[in-house]
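The values are calculated or read from the model by the stated rules, or taken from the named source; none is laboratory data. Everything quoted here is computed from the prediction, not taken from an experiment. Note that each Cβ is placed from the backbone with ideal geometry, even for glycine, and that neighbours are counted across all protein chains shown. Note: accessible area is taken over every heavy atom of the protein model, side chains too, but ligands, DNA and RNA are not part of it. Shrake-Rupley method; radii C 1.70, N 1.55, O 1.52, S 1.80 Å.
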2 protein chains.
Amino acid sequence: MTAGVLANDNKIVFLVLDGLGDVPHPGHSFLTPLEAAIKPNIDRLAVESGVLGRTIPVGIGITPGSGPGHLSLFGYDPLRYEIGRGILEVLGLDMDMAAGDIAARGNFATVQDGIVVDRRAGRIETSRTRRLCEEMSRSIPEIDGVKVVIKAGVSHRFGIIFKGEGLSDELEDADPHKEHMPFVWAAPKSPTAERTARIINAYMERVMDLLKAEGAANGVLLRGFSQSPDIPPFPEKYRMDSLAVATYPMYRGLAKVLGMKVEKEPADYGEMISILREHYDRYQFFFMHIKETDVAGEDGNFEEKTRAIEIVDRIVPDIWALAPRVLVVTGDHSTPCMLKGHSWHPVPLLIATNMGETDAKPFHERNCLKGSLGTIYAKELMTLALAYGSKLDKYGA
Amino acid sequence: MTAGVLANDNKIVFLVLDGLGDVPHPGHSFLTPLEAAIKPNIDRLAVESGVLGRTIPVGIGITPGSGPGHLSLFGYDPLRYEIGRGILEVLGLDMDMAAGDIAARGNFATVQDGIVVDRRAGRIETSRTRRLCEEMSRSIPEIDGVKVVIKAGVSHRFGIIFKGEGLSDELEDADPHKEHMPFVWAAPKSPTAERTARIINAYMERVMDLLKAEGAANGVLLRGFSQSPDIPPFPEKYRMDSLAVATYPMYRGLAKVLGMKVEKEPADYGEMISILREHYDRYQFFFMHIKETDVAGEDGNFEEKTRAIEIVDRIVPDIWALAPRVLVVTGDHSTPCMLKGHSWHPVPLLIATNMGETDAKPFHERNCLKGSLGTIYAKELMTLALAYGSKLDKYGA
């Protein structure tokens, strides 16, 4: 951004439907879920008060993960800033990261004579993983003055955070990534990380000693070592007190990493709206995250994705009734049902404002392609939202 | 630009309608002024000989001032080059800048016991400002070998130029920017500017001594100290002798800063056409600037902006009759009536050529959105104009 950001109380709401974008489906009259969905509220908003366009999350042809997808939406260059895999894992488990902490994804694994014979310990049950994590927490709460926090995930998975002074995440994974390969220790990528590697390896040694009678789950693998990125906090960058409202912990966590606040953890859309209403006066920016569209896309379930959009449509009037200056409806990436996964396709974008400008068209991929906003990089969306929010100075005399 | 520029006598005319771009107006059947205007000549040109597109003046969501708006149109990266506030002020007063000169905007102000109690001296009358400026010119024509040129503007405003060797514009404003704050002197931002600051402050001291009996107008404030940017001259960059034809002094001045010539100062569109005709053979590039569209937009006057376009339409056949190789019709930025000010919205672009290529559509925002030129950064327009003007070498073998 090149123009100064003005602090004012104009409200900007981002309603992010995860994996929203899709492609025409041959099994559904070549419609997309967004075209097939009966969504009178979003369409009225678009026709009366909205302009349309598309965003490219990272680059043409590039399929983003959730980290880069959201970083771009919030105006951070996803090629410059990175949110590590370990961080996403612990955020997804609702664990709290502080500056300097090292997060990693953990697996219980089967190790025989120094060879990793099963990277998932026979996919042990979640209850057993819980018990093992509790034992590890109790027996080895810290090592060399570094506190270790672990939390069980699903099946053989767990999240782990090392909390201490002077740690570095310049580490190779302690995971051979393939089975029937020798077990590997965390290795420093640079001299700065030598001490951290020693501490983590000492921890792993003690854990494996603790687990030695556990049969299939007698080993642990750690990967994706990462610290919180050194990233300018969102509320300062844009001069907006910012609130994240999301049912999934990972997205609340992502928002927290960027300096947004989380007031409550909503269980459903109804609670999301209550939280928005209750705290509307105290914030200027609101990030509302909807996961169900992405889940349905990943499942390749066209009807379910269509229904997910229809359900979101019902809460849109509650948001618009609060009279935000700007309401952005978009996704962090596309998750086409036909591909059953994230994709590189541009993402439909709707910017609704109270100023009367409109493309006068319902909201879906085909109209977004012809929308007046054009196809822009997602990282430029925040600048546009600030412009519509009257939060940007003129550039130059 | 990546390809070599060829010198030839093919003519390129830029007809720049300031603030041309607009958004659909709810009070006018959701039309824009460009859609509502009856402009048979421009539309015939577009349909028979024109291709359409849109330009982004500086960046997505970025609202440009006149300086960056025009720099981009002329192919200069507005993030790299800057035309200072002081320069725009003195150019607007039709004062001449030379390389090394320092320009600033001046206010007469009321200063009591070192406090600026009124930054505009009670908005004194223009006639009084004229008298005071004349007195200052006569009494203090120079200081420390630096010549001082001043010219009255409207009400309490004046433009001032310091002419001498080794001056620097690395100066903080001699203006507290708020009332009831202590008067401040020009302060150097770097050691290079220390001498310039001393000279300017000595000048201000003498001026205030001169004005001490003037009551409300007993002080002066100076801001926006700036030198001509170190910018490659337009005629050399593009190998075209270049003529600016504009009724408003600021735009003639801007063109002069870029090395374009000004033959005469036209009072109206009729004179603009005469100047164009008279000097058509001696130049290759012509910058014709129309201010009225922007003025109407700033006033939020839809009918007036529509009429301004209709009036410009009448001179288009006179330009086209000269058979330029390329006639570009566009704006330096959008000034939507609904916003009553400059905005970030992409600007409609028409390139008419004598080669027969056409999108076969009338010229307005909606058609430009779908035009074959696409949406491009304004700084890329000159390259496109040169290409249509057969003035660019092939790039690579």
Inset, instruction - Could you pull out the GluC sites (Glu not before Pro) across the stretch B:218-312 that fall in loop regions by DSSP (anything but H, G, I, E, B) with no more than 15 other Cβ atoms inside 10 Å? - result: B:Glu263
Inset, instruction - Once you've got the Cα coordinates, tell me which of A:Lys237/A:Lys379; B:Lys178/B:Lys212; B:Lys39/B:Lys391 are over 24 Å apart. - result: B:Lys39/B:Lys391
Inset, instruction - Within the set of other residues whose C-beta is less than 10 Å from the C-beta of B:Phe158, count the net charge using Lys and Arg as +1 and Asp and Glu as -1. - result: +3
Inset, instruction - Compute the Cα gyration tensor for the stretch B:1-116, then decide on rounded, prolate or oblate, letting a ≥ b ≥ c be the square roots of its eigenvalues: rounded whenever a/c is under 1.5, prolate when a/b is larger than b/c in the other cases, and oblate in all that remain. - result: oblate
Legend entry - Cut-off 13 Å between beta-carbons: net charge of the residues surrounding B:Arg307, Lys and Arg +1, Asp and Glu -1: -3
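Rounded to the nearest 500, what is the 222 nm mean residue ellipticity of chain B from helices alone, with -39500 (n - 2.57) per DSSP H run of 4+ residues and division by all residues? Before the final figure, lay out each step's value.
Working: 13 runs with 124 residues, N = 397.
The helix contribution divided over chain B gives -9000 deg cm²/dmol.
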Inset, instruction - Find every distance from the label point of B:Pro182 to the corresponding label point in the other copies (7 Å from Cα along Cα→Cβ) and write them in nm, one decimal, shortest first. - result: 7.2
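Could you report the buried accessible area between B and A, both sides summed, computed with a 1.4 Å probe and given in Å² to the nearest 100? Present the calculation step by step, with values, prior to reporting the outcome.
Values: alone 16640 and 16650 Å², together 31390 Å².
Summed over both sides, the interface buries about 1900 Å².
Other chains' Cβ within 10 Å of B:60-71 residues: what's the mean?
Taking all residues of B:60-71 together, the mean is 6.
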Legend entry - Whole-number percent relative contact order across the stretch A:52-193, with pairs defined as alpha carbons under 8 Å at least 6 apart: 20
Legend entry - Taking N as its residue count, the alpha carbon Rg of chain A over 2.2 N^0.38 Å: 1.06
Inset, instruction - First check a/c for the stretch A:285-353, with a ≥ b ≥ c the square roots of the eigenvalues of its C-alpha gyration tensor; if it is under 1.5, answer rounded, and if not, answer prolate when a/b is larger than b/c or oblate otherwise. - result: prolate
Legend entry - C-alpha center-to-center spacing [the stretch A:305-341, the stretch B:42-106] in angstrom: 39
Legend entry - Calculated Rg and Dmax of the stretch A:15-60 using C-alpha coordinates, Å: 12.5, 33
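Sum up the charges of everything whose Cβ sits under 9 Å from the Cβ of A:Ile12, counting Lys and Arg as +1 and Asp and Glu as -1, but leave A:Ile12 out.
Values: positive: A:Lys11, A:Arg325, A:Lys391; negative: none.
My count for the surroundings of A:Ile12 gives +3.
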Legend entry - Size of the protein assembly as shown as Cα extents on the principal axes (Å, biggest first): 99, 67, 59
Legend entry - Innermost chain B residue relative to the axis carrying B onto A, by Cβ distance in angstrom: B:Lys370, 4
Legend entry - Segment A:Thr126-A:Glu205, extension gain: residue separation times 0.36 nm, minus the distance between their alpha carbons: 26.1 nm
Legend entry - Distance between modelled label sites at B:Ala397 and B:Leu79, nm, 7 Å Cα→Cβ extension: 3.5
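Mind checking the per residue accessible area of the stretch B:223-376 for me, 1.4 Å probe, whole number of Å²? Write out the running numbers ahead of the final one.
Values: 5690 Å² over 154 residues.
Here the residues of the stretch B:223-376 average 37 Å² of exposed surface.
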Legend entry - Relative contact order (%) - chain B, alpha-carbon pairs under 8 angstrom, separation at least six: 35
Legend entry - Label spacing, shortest first and in nm, from B:Gly341 to its equivalents in the remaining copies (7 angstrom along Cα→Cβ): 4.8
Legend entry - Convex hull volume per residue in cubic angstrom - Cα atoms of the stretch A:259-397: 149
